[in-house]
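This report refers to the structure that appears directly beneath it.
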Amino acid sequence: MNENTVNRSIEGIFNKHSSLVYRTAYFLTKSKSMADDITQETFIRMIKKFHLYDPTKPIEPWIYRITINITRNMIRKQKLLNLVGFTSNFSEEEVETKILKNERKDELWSVINLLPHKSKEVIILHFYSELTLEEVANSLEIPLGTCKSRLNYALTKLRKSISEKDFFQIEQKLKEDV
């Protein structure tokens, strides 16, 4: 592959996946500025590591694995900075109301945000980013069984927090809006 072909390929990948990478990062961090940084860093790292990508496999799990790893690192770094007394330039109180369009989504996301981070990752990647459970497992570098267990745990918690009827309607709406 020559350099022009690689550049066009990377540009196409960016155009196709950047908004989903941003939204995934935003839902995991609840911060627009961190989501911007994560999106930028994801594609910088992807470009640097593009030679390691196996073109016989789908690219989405690879991109989301990079996104998740960068998000985890940035959250750890932010927690460490907060622990030692440095303040961040973003508000932890930022909410998804500008992205989410109705009260049911707001209710669902507020409940999702109460889930442990590992469960939240699986929910977002599976339902929002529309990755299969196998792709989610590959992205998070966990066994498929662990991925299924985390999804089951998350859905059980959500069902307990939201009535069954509302949960089913919200789950369907979430799938439709993706």
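The values are calculated or read from the model by the stated rules, or taken from the named source; none is laboratory data. The structure presented is a predicted model; accordingly, all values stated were derived computationally and were not measured. Please note: Cβ atoms are built from the backbone with ideal geometry, for glycine as well, and neighbour counts cover all protein chains shown.
Points to keep in mind about this one:
- Number of positions in the stretch 141-157 that are farther than 13 Å from P116 by Cβ and surrounded by 19 or more Cβ atoms within 10 Å (Cβ to Cβ): 1
- Between D36, D106, the distinction of being at pLDDT below 80, surrounded by fewer than 18 Cβ atoms within 10 Å (Cβ to Cβ) and part of a helix (DSSP H, G or I) belongs to D106 only.
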